[in-house]
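A short write-up of the structure that comes next.
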Amino acid sequence: MIDFVSKRYLFFLISALVILPGVISLVLPGGVHPGIDFTSGSILTLRFQQAVDTPQVRQAFAEFGHPEAIVQRSGDVFVVRTFPLATEQRDEAGNVVRPSERQTIEQQLNERLGGVEVLQFDSVSPIVATEIVQRSVLAVAVACVGILLYLSWAFRRVRNPWRYGACAVIALVHDALLLLGIFSILGRLFGVELDALFITATLTVIGFSVHDTIVVFDRIRENIPRYVGESFENVVNHSLTQTIGRSLNTSLTTMLVLLALLLFGGVTIRSFVLALLIGVTAGTYSSIFNASQLLVVWENGELGRLFGRRP
């Protein structure tokens, strides 16, 4: 048996030290760097037939009336983010009076920088961006409430079953906050944006974290009658020792796949894969070293003593 529980406050301290820089970055002005999914705008993924560098593309878009354009390069692919591009206008007869701004830009890029291929084009209106923000927050909130209710019901045969659900939700909030904080720092340093795929990654991380936590909690539930007479701390230590191998093996195999995608995948999914990689790492840590340890602190009445009350 490995004694994890005796080092629980060290694990809590490590989590606090890792999360604190991200929280500070979130609190300061410009805490996150939202993408067009949350602020509205257009994004073009371009590939040129001739050798072109980033300043040339940026200068071209400035002359096209978009000095705000953000140009990122990955190999021979350029990702350009701008304010919303105007759509084409037609008269009452259906004839095109003015072509879309995308078509105009594509034509001008061909003339100015040689042949260009538009690999992908996305555009989000302000109304859609507002709806995405609202529904994203609602989705995360509903997921947390649903997990709390389900775990409280699933562990109804143990004492204080709602504590298991609350600890699992606190652990997933830890993972989501860590992920958001790291992306806030990356946004400040490298211009990494938050988009709709980030919400997808966050919900995936929440599911992964809760799944790992349930495995540990379920083993604790099974071991409570097996180790009658032993302290709850020993029961948790036995449970963690029995499940840590499975948790690490599952997480490591997942991380290897994500690392391969991060290194060799396309630029369009790089932020999404990075979010999953960070979240899976945080979820593995929180399931083993936070959720179960918090449950021990709660069961021992240490939370009450921390706030000056007797258990």
Problem set entry | Summed residue charge, Cβ within 11 Å of G283's Cβ, Lys/Arg positive, Asp/Glu negative | -2
For this session: Using a 1.4 Å probe and counting only protein heavy atoms, arrange D91, D218 so the residue with the most accessible area comes first.
Result: D91, D218
Exercise. Got a sec? What order do H211, H66, H238, H33 fall in by accessible area at 1.4 Å, biggest, i.e. largest, first?
Worked result: H211, H33, H238, H66
Exercise. Pairing the Cα long axis of helix 54-63 with the longest principal axis of the chain, what angle in degrees results, from 0 to 90 and rounded to the nearest 10?
Worked result: 60 degrees
For this session: Would you mind getting me the FRET efficiency between L259 and V158? Use the beta-carbon distance for r and R0 = 41 Å, nearest 0.05.
Result: 0.60
Seminar exercise, completed: Sorting F83, F272 on solvent-accessible surface, 1.4 Å probe, most exposed first, gives F83, F272
For this session: Assuming a ≥ b ≥ c are the square roots of the Cα gyration tensor eigenvalues, decide whether the stretch 162-298 counts as rounded (a/c under 1.5), prolate (otherwise, with a/b larger than b/c) or oblate.
Result: prolate
Exercise. Relative to the first principal axis of the alpha-carbon coordinates of the chain, what is the inclination of helix 196-226, with its axis defined by its Cα atoms, in degrees from 0 to 90 and to the nearest 10?
Worked result: 10 degrees
Exercise. If Lys and Arg each add +1 and Asp and Glu each add -1, what is the summed charge of the other residues whose beta carbon sits under 11 Å from the beta carbon of R58?
Worked result: -2
Exercise. Taking 0.36 nm per intervening residue step and subtracting the Cα-Cα distance, what contour gain separates L149 from Q56 on full extension?
Worked result: 28.0 nm
Problem set entry | Accessible-area value, M1, 1.4 Å probe, nucleic acids and ligands omitted, Å² | 120 Å²
Exercise. Ignoring ligands and nucleic acids, what accessible area does D195 show with a 1.4 Å probe (Å², nearest 10)?
Worked result: 40 Å²
For this session: Could you pull the accessible area for V18 with a 1.4 Å probe, rounded to 10 Å²?
Result: 80 Å²
Exercise. With each pseudo-label sitting 7 Å past Cα toward Cβ, what's the K7-D122 distance in nm, one decimal?
Worked result: 4.1 nm
Problem set entry | Gain upon complete extension [V133, T204; 0.36 nm per residue less C-alpha separation] | 23.8 nm
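The values are calculated or read from the model by the stated rules, or taken from the named source; none is laboratory data. None of these values were measured; they are calculated from a predicted model. All Cβ positions, even for glycine, are placed from backbone atoms using ideal geometry, and neighbour counts span all protein chains on display. The protein model used for the area step is the full one, side chains on, heavy atoms only, and it has no ligands, DNA or RNA in it. Shrake-Rupley method; radii C 1.70, N 1.55, O 1.52, S 1.80 Å.
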